[in-house]
């Protein structure tokens, strides 16, 4: 390996290290529940679970920050089942999510409802 190749390799390694450090600053840690929420739930319920999305604005059941629940009592197991089964004509079913994934979504929903503290950043 000549000097030029070593210099380029060092520069690339240094750049990569700086990018990885910046990722932690620019893109904060997201829990598994938050990632799943953003992927499966936020389009309809919003990033904050208040239901203020173009498609569901005005639908009281899209707001998950209050205690008005449709087809469930609002306890964790009922919400997990609702995520699995969906609500006919209003919310798609997600039967391919594992129990752990549904539990993570419910845990993050509890964070959005200010009933639970967010996960600690690793």
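Here, each number is a calculation from the coordinates, and none is a lab measurement. Bear in mind that the values here come from a model prediction, so they are computed numbers and not experimental data. Here the Cβ positions follow ideal geometry from the backbone for every residue, glycine too, while neighbour counts run over all protein chains shown.
Restricting the search to region 76-112, which residues are outside any helix (DSSP H, G or I), touching a helix residue (DSSP H, G or I) at 6+ places or on another chain (Cβ under 6 Å) and under 21 Å from residue 66 (Cβ atoms)? Of everything in region 76-112, nothing turns out to be outside any helix (DSSP H, G or I), touching a helix residue (DSSP H, G or I) at 6+ places or on another chain (Cβ under 6 Å) and under 21 Å from residue 66 (Cβ atoms). From the list 119, 115, the one residue that fits, being touching a residue at least 60 places away in the same chain (Cβ under 8 Å) and outside any helix (DSSP H, G or I), is 119.
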